[in-house]
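The next block holds one structure in the form of C-alpha cells; read it before the comments.
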Amino acid sequence: MPEEIINLLERFLSHSISKEEMYRLLQAYQERQISEKQLEDYYAHKWKDAEQYLSPFAGESKEKVWKQFRKHIPQKSKMWPKQKKRWATIASVAAVAVVFFMLGISLQLIRENVQQELVVMVENGQKASVQLPDGSQVRLNSASELRYSPDFGKKNRTIKLTGEAYFDVKSNPNNPFIVQTHSGFQAKALGTKFNIKSYINDKQITGTLIEGSIEVSTPQFSEILSPNERISFDTKEITFSKSRIHNANEAIFWMTDQFTFDKETLEDIARMLERMYNVTISFASPDIAEIHYSGKIKNNSMENVLDLITIVSPLQYTITGSHITFSKKNNKPQKLTPMT
C-alpha cells in the first residue's frame, strides 16, 4: 500500500493509531492471527464506537473520500474513468479495513492476556492440590478449573473457579482473598477454610464455611457466613438461602472419596458420579431422575454407590462400556414352564 495512503488512513484514525501501529495492524491481519469470525463478532459491537475516529471524513460520500485520497496518489498522465471508479471504491473501503485491522489487533491482545493466566485443570475422575504463591492451599475436585494471574498475591488475590474446590487461605488482612465463579457469585476471605461448589451445569452454587469468616455475594445479595453455615444460590431463580448445618466437614467428604446426600435428586447425583468416575448416565424415563435421596456412603466404589441406590429404590442399572442406564425394576412374577 503506498505511503501516501497509509498517511491518509492514519488521519482517519487520528488520536487512536500511529503510523507504526498501522503497519503492525496490517501485518497482524495478513498473518491471520485471528479468525474472520472473531473480527465479525467484535466488529458488530465496536463499529459504532469506531466511527468517531473517522473524522473529518465521517458521514461523507465515497466520492468525497476519493477526492481526498486522490490528492495523495501519484497521478499518471491519464487515468481512465473505470480506474477512477475502482480507486474510489478502494479508498472508501480502505478506512473500514483499517478499523478491522485495529479491532483485530485488539482481539489478539485480549487473547494474549487471557493466555497469560495460570490455569489448573482437573479432568473427570481426578483430583488435584495446588499451593498458590501467597501460601494458600487449594484442593480441586474432578472436572474443575482454577485460573489466576502470574502476579497473584502482589496487587490482589483474586482467582476464578469453575467446579468445586476447598480453600485453606493464608491470612493477609491487607489483601483479601477473592474467589469468583459464574453467575456473579463470589466469596471474599481474609484467612479461613471454606468449600465452593460451582459447576456450570448444576442448578445451584453452594458455599460452606468451615473456619473463620467469609463474605459471599452476587449482584443481588451479600451475606456473611459463620462456621458451619452454608449459602445456596439458585442460578435459575436468582434466589439464595442461608442455613446452619451440623457438620461443615461433610461438604469436603469428596476429598476422601465419600458422598453425602441431602434430599438430592438422582439427576444431581448422576452428574456427580459422571465427574468422579468419568462415565455418562442416562435414565429410561424422566421421572427416575427426580427421585430424591439422603444419606452418606463411605469407602465407596462406583459399583457400591450404584448398588446402594438400587437397594433403597425400585431401580436397576445396566453398564455398557462407560455408559450407565437407570431403569425401573421389573417386578412381574416370572412365568414358570411345567417340567415334563
Going by the conditions given, is residue 311 in contact with a strand residue (DSSP E or B) (Cβ under 7 Å, 6 or more places away or on another chain), modelled with pLDDT of 75 or more and of a type outside the set (Asp, Glu)?
no
Looking at the stretch 137-154, which of its residues are touching a residue at least 12 places away in the same chain (Cβ under 8 Å) and farther than 28 Å from residue 271 by Cα?
149, 150, 152, 153
How about the stretch 192-211: which of its residues are closer than 24 Å to residue 171 by Cβ and surrounded by fewer than 17 Cβ atoms within 10 Å (Cβ to Cβ)?
211
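May I ask you to verify whether residue 172 is of a type outside the set (A, V, I, L, M, F, W, C), under 20 Å from the mean Cα position of the chain (by Cα) and either assigned to a loop (DSSP other than H, G, I, E, B) or not assigned by TED's automatic domain parsing to the domain that holds residue 187 (or both)? Even if it seems obvious, please write down each step before you answer.
Working: of a type outside the set (A, V, I, L, M, F, W, C): yes; under 20 Å from the mean Cα position of the chain (by Cα): no; either assigned to a loop (DSSP other than H, G, I, E, B) or not assigned by TED's automatic domain parsing to the domain that holds residue 187 (or both): yes.
Taking the combined requirement at face value, the residue does not satisfy it.
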Assuming residue 282 fulfils every condition listed in (1) more than 30 Å from residue 314 (Cβ to Cβ); (2) small (Gly, Ala, Ser); (3) modelled with pLDDT of 90 or more; (4) in contact with a Phe, Trp or Tyr (Cβ under 9 Å, 6 or more places away or on another chain) apart from one, which condition is it?
(1)
Looking only at strands (runs of 3 or more DSSP E) that fall completely inside the stretch 268-321, which ones have 2 or more residues that are within 25 Å of residue 200 (Cβ to Cβ)?
280-283, 292-297
Quick one: would you say residue 272 is within 16 Å of residue 304 (Cα to Cα) and either at pLDDT below 90 or surrounded by 17 or more Cβ atoms within 10 Å (Cβ to Cβ) (or both)?
yes
Starting from the stretch 160-189, take each residue that is more than 26 Å from residue 201 (Cα to Cα) and list its partners that are hydroxyl-bearing (Ser, Thr, Tyr) and in a strand (DSSP E or B), counting only C-beta distances under 9 angstrom and pairs at least six apart or across chains.
176/158
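The values are calculated or read from the model by the stated rules, or taken from the named source; none is laboratory data. It should be emphasised that the depicted structure is a prediction, and the values quoted were computed from it without experimental measurement. Every residue, glycine among them, receives a Cβ derived from its backbone with ideal geometry; neighbour counts consider all protein chains shown.
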